[in-house]
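All remarks here apply to the structure that follows.
What follows is calculated from the coordinates using simple rules that are stated; it is not laboratory data. Since the structure is predicted, the reported quantities are computational estimates derived from the model, not experimental observations. Cβ coordinates were reconstructed from backbone atoms using ideal geometry, including for glycine residues, and neighbour counts include every protein chain displayed.
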Amino acid sequence: MGYVLRVRLASFFTGAALSSAAGLYFLQKDYKIAHHAISHQMESIYASLDERVSALEKLKTAEAPKPVEAAAE
């Protein structure tokens with residue numbers, strides 16, 4: 001009875017170790033995919049923001065008001 005119990009426990013812990021390793025592998029893979037997707041979204045948002053800032057800076061330099069001179073009396 002002791003030998004069979006040891007074999008069953010060894011099989012159980014081997015299965016638990018293998019399933020936890022497989023689970024961690026899939027979680028890591030899912031994490032990398034999600035991280036890549038979010039970073040790609042952020043890059044597109046930053047690119048859009050850079051374009052907007054550049055357009056505003058061009059408008060600012062194109063429509064720069066001329067300095068008003070004080071009236072000389």
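Lys and Arg at +1, Asp and Glu at -1: add these up for the other residues within a Cβ distance under 13 Å of GLY23 and post the number.
Details: positive: LYS29; negative: ASP30.
Taking every Cβ under 13 Å from that of GLY23, the sum is 0.
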Please label the shape of segment 1-43 as rounded, prolate or oblate, based on the square roots a ≥ b ≥ c of the eigenvalues of the alpha-carbon gyration tensor (a/c under 1.5 means rounded; beyond that, a/b larger than b/c means prolate, else oblate). prolate
For LEU18 and GLU51 in one chain, what is 0.36 nm times their gap in residues minus the Cα-Cα distance, to one decimal in nm? 6.9 nm
For a label point 7 Å along the Cα-to-beta-carbon line of TYR25, residues of segment 1-18 with backbone N under 20 Å: 11-18
Spin-label point model (7 Å from Cα, Cβ direction): what's the ILE38 to VAL4 distance in nm? 5.1 nm
